[in-house]
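Read the structure below first, then the notes.
What follows is calculated from the coordinates using simple rules that are stated; it is not laboratory data. Note that the structure is predicted; figures quoted are calculated from it, not measured. Every residue, glycine as well, gets a Cβ built from its backbone with ideal geometry; the counts of neighbours run over all protein chains shown.
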2 protein chains.
Amino acid sequence: MAKTAITPTRAEDYPEWFQQVVRAADMAETSAVRGCIVIKPWGYRLWENMQRSLDDMFKATGHQNAYFPLFIPMSFLEKEAEHVEGFAKECAVVTHHRLEPDPDGGLRPAGKLEEPLIVRPTSETIIGATYAKWVQSYRDLPILINQWANVVRWEMRTRMFLRTAEFLWQEGHTVHATAEEAVEETERMIDVYADFAENWMAMPVIVGSKTDSERFPGAVETLSIEAMMQDRKALQAGTSHFLGQNFSKAQEIKFQSETGDIQYAWTTSWGVSTRLVGALVMTHSDDDGLVLPPRLAPIQIVIQPIYKGDDQRGQILQYVNELRDQIAAQKYDNQPIRIEIDDRDIRGGEKKWYHVKRGVPIRLEVGPKDMAADSVFVGRRDQPKCIGMDKAEFVAKVSDLLAQIQTGLFERALAMRNDNTVTIDNEADFRSFFTPANAKNPEIHGGFAKCHFASEADLADLLKELKVTPRCIPRGDNHPGKCFLTGKPAEHYAIFAKSY
Amino acid sequence: MAKTAITPTRAEDYPEWFQQVVRAADMAETSAVRGCIVIKPWGYRLWENMQRSLDDMFKATGHQNAYFPLFIPMSFLEKEAEHVEGFAKECAVVTHHRLEPDPDGGLRPAGKLEEPLIVRPTSETIIGATYAKWVQSYRDLPILINQWANVVRWEMRTRMFLRTAEFLWQEGHTVHATAEEAVEETERMIDVYADFAENWMAMPVIVGSKTDSERFPGAVETLSIEAMMQDRKALQAGTSHFLGQNFSKAQEIKFQSETGDIQYAWTTSWGVSTRLVGALVMTHSDDDGLVLPPRLAPIQIVIQPIYKGDDQRGQILQYVNELRDQIAAQKYDNQPIRIEIDDRDIRGGEKKWYHVKRGVPIRLEVGPKDMAADSVFVGRRDQPKCIGMDKAEFVAKVSDLLAQIQTGLFERALAMRNDNTVTIDNEADFRSFFTPANAKNPEIHGGFAKCHFASEADLADLLKELKVTPRCIPRGDNHPGKCFLTGKPAEHYAIFAKSY
């Protein structure tokens, strides 16, 4: 039986396995504040790498960063009816601006605000109010701005990274002179997200549009990327919204066109969050702990020197220092390889598991025998066995090896998704697909079902019963058919799944 | 009379000049939320450059980034008496977690929280509560963590960047086994800030310790860097606090030492904020607008092509594209030079002022005559006149030129500070030094006074009357003397000044 570092295993209890992987990798922990987590250094370094890659992609597509207020006056939220409807139930509300001694002891809020302030759950309304001042003429358009920020949504059930009361994210907010341009932007940014998910996170995603019931509150259309986790549930990993003129009308974002008439502008918004960290964990990790794709791993290679006594220590350390420098001089992904030596004075087995659980893609063990033979002992996180390799050969191939691991993780995840995606055209199959095969692990079920449907209203009861939702109407190869439940003619199929 | 881009000038009305420089450079604007600003792309790019440089310095000194909750339970703040005393009057308080329809129309807060949450004004208490869990043994120490975050202090009087209700900052929070180590850390980080201020921002600073009355609430010692603005007022640009065991006792951060006994840990905290953007603006800018030091400028060089008609346009653009590539291939500060071509179809004068007001260090004009002569017309933002230069010579010297500008700005600011710093040993001189010479511009006064003092209590009335504070007790060449007011023996002198 293989040694298992994480208890329980994925098969035993997937949600609990996830929490334990996050803990074992020292990525995050719960805090004293309900629903808020502490992102620890290893988790934050991963987020920083995500941020930097995404930020480069945003700038390459013409966007600039800016920063808008944390607080939204309550009256601003009220302006877009669907929007406030969507967020009113999860708003943290600031009502006072100081504390004073409570006659009963301790402190109490004082200095009541004339108008309550909402801690932003998303910033369409506060940013829109600013844009209304910036936009006068068609010459002021487009506005292409992104913000890196924290947001708060008071969720009743929270789970580390996947659903937290406060989370970190980026939100792009753009303004355009025409609907066409805004739609183009909406699509451009979902493509950026898909590119990032697949090529940086090694996480295959389906790009599509949300159905009416799943759209962002206030949007005309919401595009999303949907990924399959190892429990076959869907995770919405990023969204890009075409807001039409809904927010520009609510907020008076108007401009004089080239021909002189006054028009409402067309806006978009798009975002991804620290939820991606959770998605990454759930996509690649195994029963030994975290598995990281090399492009985002804070450390890509760790060297464990193995020695006895000070004499050997000096020799081995000199040897691994040289090796580290040789490897760091190689480039992967146009950057110097991120490599560290772990020379802590702890047992070898403990040290090995430390890095395994933290998902470092390649672990090198170097002891006196390896030094004598000019070889290294290579442990790939994505493979069960370690292998000996000639040192020079390893250095020459290290960049390819990292690229192989990156590609391999993507292919493994894609195969998993393909194996668990089926086309379903009748209710019986749909029911059986979404009924857990194993009563002991109710999280495991069929996966993604591709089903034609004519109207969401027809499906409502069945979906509610099975706790299934339409994830998206996939872009691309979609085509007409018949509703799997009613047999009515259907324009397209959607992906149906249980979801996070 | 020289043309003035900013109205009013510094001499006419310094505070208003500052606001106008910020506006003219398109760095920030006020928002609909009281005391909160919108940081616009040009201001945010400057902050991003500051962040990246500081972050590299923090990592080079062994720190890692993490992220802690935005909210602090009210009871956490109460634990450290001085601390809560210092912040209670400026806390934004969250009391509800949703909105519901108000019978009178609109919305109202609902879902009252059992315990109010404070939007962090600083994070010692929430981070300390987490550290108490992390620290068990001396082996867990030191903890060296930094956080990039937004904080909120409900200030009554706000001013863009310098004092805003919400601001962006970094806060380092460290835990150590001994007082010596914690003091060392406190000093190391104030040195990092001084290095950054002087060598990146080109802003000379005085490093010293705060007097009792000016210390951070809850700290044993606060070190600060103090800079002189062009109106001769002091601006506190960064602080580093030795917190002793005050917070570890309030929060039970305890560890088992090597000898087995349980001890309270020693903590520090240190921070700089978007206030630095305001400090930078006020240190270097002139009556034409923003002046940026090259190391932090978002764009270091801008090329303005000058032409008439499409034929000339094609030739000139080809020429300036080549020039841009030649310059971008040069390195300044170990990075490719940040250069852009401004080919917008607007008048040359308008375009020139656009970049002057935004503080771009070097502006190149290239027209047909320059092309024919293989020369460029060079406008340095730190000098009044443009000069013609051989193109090849410019490319060869561009990196030196940027370094010269950087050094020149520092030296100019240092000379200004030296010219306005005097030693004062009696009340009459002190009074006259801090009495405005020009009644029309009450902001302008003497500057920094170096004065010995024995006890802050002796000075309280005089300082209050003149609106002067002790900025810091400078480190280094300090020495005993006699109090300028009472003649009592004094251990050291302090810098006295009016301040932001």
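Only loop residues by DSSP count here, and only those with at most 16 other Cβ atoms within 10 Å; note down the GluC sites (Glu not before Pro) in segment B:174-247 that meet that.
Numbers: sites: B:Glu180, B:Glu181, B:Glu184, B:Glu185, B:Glu187, B:Glu198, B:Glu214, B:Glu221, B:Glu226; in loops: none.
For GluC sites (Glu not before Pro) across segment B:174-247 that sit outside H, G, I, E and B with at most 16 neighbouring Cβ atoms in 10 Å, the list is empty.
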#### Entry: segment A:14-34 versus segment B:149-193: alpha-carbon centroid distance in Å
29 Å
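Between the DSSP loop rule and a limit of at most 13 other Cβ atoms within 10 Å, which GluC sites (Glu not before Pro) in segment A:272-374 are left? All intermediate terms of the calculation are to be shown ahead of the outcome.
Working: sites: A:Glu322, A:Glu340, A:Glu350, A:Glu365; in loops: none.
Sites meeting the loop and neighbour criteria: none at all.
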### Query
For chain B, what is the calculated [θ] at 222 nm in deg cm²/dmol (nearest 500), taking -39500 (n - 2.57) for each run of four or more DSSP H residues and dividing by its residue count?
-11000 deg cm²/dmol
### 7 Å along Cα→Cβ, label-point gaps from A:Gln335 to other copies, nm, shortest first
1.5
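Average partner chain C-beta neighbours within 10 Å, per residue of A:107-120?
Values: counts 10, 3, 8, 4, 6, 2, 4, 1, 2, 7, 6, 5, 8, 0.
What the average comes to for A:107-120 is 5.
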### Query
Taking neighbour counts of Cβ atoms within 10 Å as a proxy for exposure, in what order, fewest first, do A:Val151, A:Val93 appear?
A:Val151, A:Val93
### Task
Would you give the gap between the C-alpha center of segment B:307-321 and the C-alpha center of segment A:359-389, rounded to a whole Å?
58 Å
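Would you mind ranking A:Ile145, B:Ile301 by Cβ crowding within 10 Å, fewest neighbours first? List each step's numbers first, then the result.
Numbers: A:Ile145 24, B:Ile301 28.
Fewest-to-most ranking of A:Ile145, B:Ile301: A:Ile145, B:Ile301.
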### Task
Would you tell me the mean number of C-beta atoms belonging to other protein chains that fall within 10 Å of each C-beta in A:126-139, as a whole number?
2
## Note on the structure
Magnitude of the Cβ-charge dipole (Lys and Arg +1, Asp and Glu -1) of segment B:301-404 about the Cα centre, nearest 20 debye, reported as 460 debye
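Applying a 10 Å radius around every beta-carbon, put B:4-16, B:275-287 in order of their mean neighbour count, most first.
Result, highest mean first: B:275-287, B:4-16.
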### Query
Once you average over the residues of B:288-301, how many Cβ atoms of partner chains fall within 10 Å of each Cβ?
0
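With a ≥ b ≥ c the root eigenvalues of the C-alpha gyration tensor of segment A:421-497, is it rounded (a/c under 1.5), prolate (a/b larger than b/c) or oblate?
On the way: a/c = 2.12, a/b = 1.64, b/c = 1.29.
Prolate, because a/c is 1.5 or more and a/b exceeds b/c.
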#### Entry: Global form of segment B:291-374, assessed from the alpha-carbon gyration tensor, a/c cut-off 1.5
oblate
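If you put +1 on each Lys and Arg Cβ and -1 on each Asp and Glu Cβ, how big is the dipole of chain B around its Cα centre, in Debye rounded to 20? List each step's numbers first, then the result.
Values: 59 positive and 71 negative charges, 246 e Å.
Magnitude of the dipole: close to 1180 debye.
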### Query
From the label point of A:Gln312, set 7 Å from Cα along Cα→Cβ, how far away are the matching label points in the other copies, in nm, ordered shortest to longest?
7.9
### Message
Using only the alpha-carbon atoms, how far is helix B:348-357 inclined from the longest principal axis of chain B? Give it as 0 to 90 degrees, nearest 10.
### Response
20 degrees
### Message
Only bridges whose two residues both fall in segment B:301-404 count here: according to DSSP, what percent of them are antiparallel, nearest 5?
### Response
60 percent
## Note on the structure
If B:Phe167, B:Phe377 are placed from fewest to most neighbouring beta carbons inside 10 Å, the sequence is B:Phe377, B:Phe167
#### Entry: Positive-pole candidate from B:Met228, B:Tyr138, B:Pro361, dipole of chain B, charges at beta carbon
B:Pro361
### Between helix A:41-60 and chain A: long-axis angle, C-alpha atoms, 0 to 90°, nearest 10
60 degrees
### Query
By how many degrees, between 0 and 90 and to the nearest 10, does the Cα long axis of helix A:124-134 differ from the longest principal axis of chain A?
70 degrees
### Task
For B:Lys464, go through the aspartates and glutamates and keep the ones whose alpha-carbon is under 17 Å away, minus same-chain ones fewer than eight residues off.
B:Asp212, B:Glu214, B:Glu427, B:Asp429, B:Glu443, B:Glu456
### Computed magnitude of the charge dipole of the protein assembly as shown (debye, nearest 20; Cβ of K, R +1, Cβ of D, E -1)
140 debye
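Please go through segment B:370-470 and write out the trypsin sites (Lys or Arg not before Pro) that DSSP classes as loop and that have at most 13 other C-beta atoms within 10 Å.
On the way: sites: B:Arg380, B:Arg381, B:Lys385, B:Lys391, B:Lys397, B:Arg412, B:Arg417, B:Arg431, B:Lys440, B:Lys450, B:Lys464, B:Lys467; in loops: B:Arg381, B:Lys385, B:Lys440, B:Lys467.
Those that pass, being in a loop and sparsely packed, are B:Lys385, B:Lys440, B:Lys467.
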### Task
Pull out a ≥ b ≥ c, the square roots of the eigenvalues of the alpha-carbon gyration tensor of the protein assembly as shown, then state rounded if a/c is under 1.5, prolate if not and a/b is larger than b/c, and oblate in the remaining case.
rounded
### Task
List, in order, the whole-Hz ³J(HN,Hα) value for each residue of segment A:395-403 obtained from phi through the Karplus relation with A = 6.51, B = -1.76, C = 1.60 and θ = phi - 60°; use x for Gly and Pro.
4, 5, 9, 4, 5, 4, 4, 4, 5
